[in-house]
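Just below is one structure, and these are the notes that go with it.
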Amino acid sequence: MRGLIWLSGLALSVFLFGGSVFAEEKTTVKSQLFHSFETTVKKSVQAQYLLFLPDGYKKNGDKKWPMIFFLHGAGERGDDLNLVAIHDPPKIVQSKRDFPFIVVSPQCPTGEFWSNDVLLALLDHVVAEHAIDEDRIYLTGLSMGGYGTWSLASAAPNRFAAIAPVCGGGSRISTYALGTMPTWVFHGAKDPVVPLDEAQRMVDMLKRMKNPVKFTVYPEAGHDSWTETYDNDELYKWFLAHRRSDR
């Protein structure tokens with residue numbers, strides 16, 4: 001009888017106190033409470049950019065055009081869009097009206113670096129406003145823009161058909177997002193600003209993932225590996241050989 005009374009008391013204790021104890025155990029890890037948080041954050045972004053529309057372009061025509069999204073280097077930051085046209089491709093199209101791409105060349109503000117949020121918002125805007133073939137959007141950039149190319153492509157690999165980073169680098173881990181993205185990397189072997197290893201480690205990671213990456217190293221080039229790159233018609237033929245839907 002005494003045993004029964006003791007068991008009844010134990011059951012009553014569990015009933016009265018055990019629930020709160022067990023509930024606390026479910027919501028703590030070493031005295032840390034479980035919490036969750038949800039909200040909506042709105043962000044206003046803006047960018048100025050150069051836009052090239054080739055001869056024969058018609059917004060309401062039947063033809064959809066391929067597009068090159070070009071990211072400049074650190075020296076072209078600011079609020080003077082003339083700086084953006086110092087280097088190719090926005091330099092090339094000034095004398096080549098039959099260049100077979102729409103070219104969008106944003107400008108990064110002074111003291112800042114490329115923002116994926118800004119660039120993706122700009123990309124959405126340009127695609128909505130122009131006759132662009134979304135299956136043939138190509139991303140390239142030099143130096144700081146080379147870093148921006150790696151970063152943006154990794155953040156939104158589904159937006160681009162192929163990429164061509166020039167004298168840049170980035171996070172090796174981020175390359176996992178690229179998968180089989182067609183990639184052609186360019187760098188100068190004697191680059192004193194962005195060491196060749198910055199590009200090499202990105203290429204090595206892509207190769208580990210069986211990405212058929214192309215890597216062009218100019219043996220005698222310093223930081224300016226972009227002039228020879230963008231003056232090479234083979235780059236543009238290579239771009240046009242790839243479609244996003246092919247991956």
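The values are calculated or read from the model by the stated rules, or taken from the named source; none is laboratory data. Quick caveat: nothing in here was measured; it's all calculated off a predicted structure. Cβ placement follows ideal geometry from the backbone for every residue including glycine, while neighbour counts extend to all protein chains displayed.
Just to be sure before I move on: is Tyr176 among the hydroxyl-bearing types (Ser, Thr, Tyr) and under 18 Å from Asp88 (Cβ atoms) in the structure I sent?
On the way: among the hydroxyl-bearing types (Ser, Thr, Tyr): yes; under 18 Å from Asp88 (Cβ atoms): no.
Criteria not met by Tyr176.
Residues in the range 202-213 that are of a type outside the set (A, V, I, L, M, F, W, C) and in a loop (DSSP other than H, G, I, E, B) were compared, and the one that is surrounded by the most Cβ atoms within 10 Å (Cβ to Cβ) is Asn211.
Given the structure, is Pro182 crowded, with 20+ Cβ neighbours inside 10 Å and either free of Cβ contacts under 8 Å to residues at least 24 places away in the same chain or assigned by TED's automatic domain parsing to the domain that holds Ala153 (or both)? Taking the combined requirement at face value, the residue satisfies it.
On the given criteria, is Thr229 in contact with an Asp or Glu (Cβ under 9 Å, 6 or more places away or on another chain), in a helix (DSSP H, G or I) and among the polar types (S, T, N, Q)? Let's see the steps before the verdict.
Values: in contact with an Asp or Glu (Cβ under 9 Å, 6 or more places away or on another chain): yes; in a helix (DSSP H, G or I): yes; among the polar types (S, T, N, Q): yes.
So Thr229 fits the description; yes.
In the set (1) polar (S, T, N, Q); (2) more than 20 Å from Tyr147 (Cα to Cα); (3) in a strand (DSSP E or B), the condition left unmet by Thr216 is number (2). A single entry from Pro106, Pro89 fulfils the requirement of being within 26 Å of Asp246 (Cα to Cα), touching a Phe, Trp or Tyr at 6+ places or on another chain (Cβ under 6 Å) and surrounded by 16 or more Cβ atoms within 10 Å (Cβ to Cβ): Pro89. Just one of the listed residues (Glu220, Glu228, Glu234) is modelled with pLDDT of 95 or more and surrounded by 14 or more Cβ atoms within 10 Å (Cβ to Cβ), and it is Glu228.
Scanning the range 70-109 for residues being part of a loop (DSSP other than H, G, I, E, B), among the small types (Gly, Ala, Ser) and under 24 Å from Ala162 (Cα atoms) gives a total of 1.
Out of Leu81, Leu71, which single residue is of a type in the set (A, V, I, L, M, F, W, C), touching a residue at least 12 places away in the same chain (Cβ under 8 Å), surrounded by fewer than 19 Cβ atoms within 10 Å (Cβ to Cβ) and assigned by TED's automatic domain parsing to the domain that holds Pro157?
On the way: Leu71 fails: surrounded by fewer than 19 Cβ atoms within 10 Å (Cβ to Cβ).
Going through Leu81, Leu71 in turn, just one is of a type in the set (A, V, I, L, M, F, W, C), touching a residue at least 12 places away in the same chain (Cβ under 8 Å), surrounded by fewer than 19 Cβ atoms within 10 Å (Cβ to Cβ) and assigned by TED's automatic domain parsing to the domain that holds Pro157: Leu81.
Could you tell me whether the range 185-194 includes any residue that is in a helix (DSSP H, G or I), assigned by TED's automatic domain parsing to the domain that holds Pro90 and exposed (fewer than 14 other Cβ atoms within 10 Å of the Cβ)? No. Is one or more of the residues making up the range 110-119 of a type in the set (A, V, I, L, M), buried (at least 17 other Cβ atoms within 10 Å of the Cβ) and part of a strand (DSSP E or B)? No; the residues of the range 110-119 include none that is of a type in the set (A, V, I, L, M), buried (at least 17 other Cβ atoms within 10 Å of the Cβ) and part of a strand (DSSP E or B).
Of the residues Ala221, Ala199, Ala177, only one is in a loop (DSSP other than H, G, I, E, B) and either over 25 Å from Ile68 (Cα atoms) or in contact (Cβ under 8 Å) with a residue 12 or more places away in the chain (or both); which? Let's see the steps before the verdict.
Working: Ala199 fails: in a loop (DSSP other than H, G, I, E, B); Ala177 fails: in a loop (DSSP other than H, G, I, E, B).
None of the other options fit; the residue is Ala221.
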